[in-house]
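Asker: Pasting a structure below so you can have a look.
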């Protein structure tokens, strides 16, 4: 639409005999952009209103991320509108401007995000693979089991001779279980936390890379808002690690402290369902600044180029 | 009154070693040239779309070379309707260009009457109107401010006789109102119909030394003139 605003150089010159340059640009480019933005915002608000009326309520805690998303989407659309204007001026109103715009769109929507994804995937390959990581954890577990077996073998005669052998056995098992909780389990947990930190760094890096181009950031922000993004993934990792640790504590307590024999479910109702949250990325305003800067830069360059072209100096 | 003094330019499309001419109020002055691009360049320079250093353009003895908002109505040739916003109706187009100024709009509608273009025909979209009708609307819009000076660039070329006659009638009305009109064209035959004075640009010079008056033009052999200045 941005490319279609100024129909042709001839039309612009015709208008210039009636209005001044600034007024034409302001009224044709910016005012139309403003109207389009208002139209888009009203459209989204109407859709949201109807969704509410038809029984799909937008909860209060979702309203804020959706509001930020709406603002970003408006500027993201403005980016393409102004890119159209920019291309039209850059290619001097020729038909090739449309081709250039299609190319820019393809590059922005497909090529750049794909390159960014490939870059992320290459960086992610530096992380240990699941097999390597799990084998390492498994090895620690096996070593612990071996330790337990050796210990029991050593102490077997003593246990057998003891009058309260059941209690003795239970006492040994409890000691070993707590030993496991305080050593091997913590070692494996710390490995998992280190890996989580590395993943976090990778995600932060990816987020920083996404800021620099609007289509990348739009994709990033839409994933985060729809709770399918990396912030949600990190939350999920934290959730399962915490749940597992809590379960281990719960089990050991029930088994060795209270001596409960009755089987009870640890997870109740929907506790095992992880509900990812919508997030406004912490870099939201940086992303906005970058996108607005792109828009401003394209507008100013196109404006000055157009002025230079019309008033050939 | 339009007065051009020592207008020198050397552009890719054409050049001039110095144009000096004066168009008095109530007079139509035809400036002819063989090179179409050179005439267009001159028109663009006068409009201010091409900036050159050594030019002096006076309107009523005031140097307006550096000003951009001039009391001149500029009427360019309309070649392609698709250059415009063809989805608009003629009426919307007029309202947009007149910028809600009722006097301008009234003046446009009065001008359109000369071309038998009545209000009911203005409801059509630009893409559905004839080239002549759209051209008449553009002409009327260009003259809506009623400036005392008008500069045309080859406006009637290629149009049918009816349009040409209506245009001539409009020009005569404007001359009667005391406007100074400068008309840039290649069309010597049309020039012979309504010109008050005529000059030619050849090899960057204005020829003949003194512009040819209408009375003299009538007596002259057009073919000879053409061969002398435009061939």
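Throughout, read-outs are computed from the coordinates displayed, never taken from laboratory work. Keep in mind it's a predicted model, so treat the numbers as computed, not measured. As a convention, Cβ positions derive from the backbone with ideal geometry for all residues, glycine included, and neighbour counts pool all protein chains shown.
Asker: Sorting B:125, A:54 on the 10 Å Cβ count, fewest up front, what's the list?
Answerer: Fewest-to-most Cβ neighbours within 10 Å comes out as A:54, B:125.
Asker: Now for a separate question. Could you tell me the center-to-center distance, by alpha carbons, between the range B:117-183 and the range B:9-41 in angstrom?
Answerer: The range B:117-183 and the range B:9-41 have Cα centres spaced 21 Å from each other.
Asker: So, one more: Between the range B:101-116 and the range A:131-180, what is the C-alpha centre distance in whole Å?
Answerer: Rounded to whole Å, the Cα centres lie 103 Å apart.
Asker: Something else: Apply the Kirkwood formula to the range A:1-114: the hydrodynamic radius equals the inverse of the mean of 1/r over all pairs of different alpha-carbon atoms; give it in Å with one decimal.
Answerer: By the Kirkwood definition, the hydrodynamic radius is 16.4 Å.
Asker: Can you give the Rg/Rh ratio of the range A:70-179, where Rg is from the C-alpha atoms and Rh is the Kirkwood radius?
Answerer: Rounded to two decimals, Rg/Rh equals 1.60.
Asker: In percent, how large is the relative contact order of chain A, given Cα pairs closer than 8 Å and 6 or more residues apart?
Answerer: 28
Asker: log₁₀ I(q)/I(0) of the range A:124-218 at q = 0.21 Å⁻¹, via Debye over equal Cα point scatterers, no solvent, to two decimals?
Answerer: -1.03
Asker: What shape does the range A:31-77 have by the C-alpha gyration tensor, where a ≥ b ≥ c are the square roots of the eigenvalues, rounded means a/c under 1.5, and otherwise prolate means a/b greater than b/c and oblate the rest?
Answerer: Judged from the Cα gyration tensor, the range A:31-77 comes out oblate (a/c at least 1.5, b/c at or above a/b).
Asker: I want to verify the translational diffusion coefficient of the range B:103-170 in µm²/s; compute it with Stokes-Einstein, Rh as the Kirkwood radius over Cα pairs, at 25 °C and 0.890 mPa s.
Answerer: 196
Asker: Once you treat every alpha carbon in the range B:72-136 as an equal point and sum by Debye, what is log10 I(q)/I(0) at q = 0.20 Å⁻¹?
Answerer: Here the Debye-derived log intensity ratios amount to -0.83.
Asker: Moving on. Grab the DSSP H runs of chain A that are 4 residues or longer, score each as -39,500 (n - 2.57), total them, divide by all residues and round the 222 nm result to the nearest 500 deg cm²/dmol. Mind dumping the intermediate values first?
Answerer: Numbers: 13 runs with 235 residues, N = 313.
Helix-only estimate at 222 nm: -25500 deg cm²/dmol.
Asker: Where does each of A:87, A:288 land when they are ranked from fewest to most other beta-carbon atoms within 10 angstrom?
Answerer: A:288, A:87
Asker: Also, I was wondering about something else. Quick one: if you take sqrt(5λ) for each eigenvalue of the C-alpha gyration tensor of the protein assembly as shown, what semi-axes come out, biggest first, whole angstrom?
Answerer: On the way: eigenvalues 1450, 120, 49 Å².
Working from the Cα gyration tensor, I get semi-axes of 85, 24, 16 Å.
Asker: Could you identify which residue out of A:29, A:41, A:60 has the top mean-square fluctuation in a GNM of chain A using Cα springs shorter than 10 Å?
Answerer: It is A:60.
Asker: What number, in nm² with one decimal, is the all-direction average of the projected area of the convex hull of the alpha-carbon atoms of the range B:134-231?
Answerer: Values: hull surface 28.1 nm².
In nm², the orientation-averaged hull projection of the range B:134-231 is 7.0.
Asker: What is the pair-distance distribution P(r) of the range A:140-288, computed from all Cα-Cα distances in 5 Å bins starting at 0, with each bin given as a whole percent?
Answerer: Pair shares across the bins are 2, 8, 12, 13, 12, 12, 9, 8, 7, 5, 4, 3, 2, 1, 0, 0.
Asker: Now a separate question. Where is the GNM fluctuation largest for chain A (alpha-carbon springs, 10 angstrom cutoff): A:188, A:204, A:272?
Answerer: Looking only at A:188, A:204, A:272, the largest GNM fluctuation is found for A:272.
Asker: Principal axes first, then extents: for the Cα atoms of chain B, list largest minus smallest coordinate on each axis, whole Å, largest first.
Answerer: Rounded to whole Å, the extents work out to 50, 39, 33 Å.
Asker: Further question: Which of A:207, A:131, A:238, A:179 has the fewest other C-beta atoms within 10 Å, and how do the rest follow up to the most? Before the final figure, lay out the partial values.
Answerer: Working: A:207 22, A:131 9, A:238 12, A:179 15.
So the residues, fewest neighbours to most, are A:131, A:238, A:179, A:207.
Asker: Right, something else. Relative to the first principal axis of the alpha-carbon coordinates of chain B, what is the inclination of helix B:102-114, with its axis defined by its Cα atoms, in degrees from 0 to 90 and to the nearest 10?
Answerer: 80
Asker: Would you please calculate the Kirkwood hydrodynamic radius of the range A:200-288 over all C-alpha pairs and express it in Å, rounded to one decimal?
Answerer: After inverting the pairwise mean of 1/r, the radius is 15.5 Å.
Asker: Quantify how much of the Cα-Cα distance distribution of the range A:79-142 extends past 13 Å, in percent.
Answerer: For the range A:79-142, the fraction of Cα-Cα distances above 13 Å is 72 percent.
Asker: Give me the angle, in degrees from 0 to 90, between the Cα long axis of helix A:184-211 and the longest principal axis of the Cα atoms of chain A, rounded to the nearest 10.
Answerer: 0
Asker: For chain A, treating each Cα as an identical point scatterer without solvent, what Debye log10 I(q)/I(0) comes out at q = 0.11 1/Å?
Answerer: Here log10 of I(q) over I(0) equals -0.88.
Asker: In whole Å, what is the distance between the alpha-carbon centres of the range A:270-300 and the range A:94-120?
Answerer: About 21 Å separates the Cα centre of the range A:270-300 from the one of the range A:94-120.
Asker: In degrees, nearest 10, range 0 to 90: what is the angle between the Cα axis of helix A:60-90 and the longest Cα principal axis of chain A?
Answerer: Tilt of helix A:60-90: around 40 degrees.
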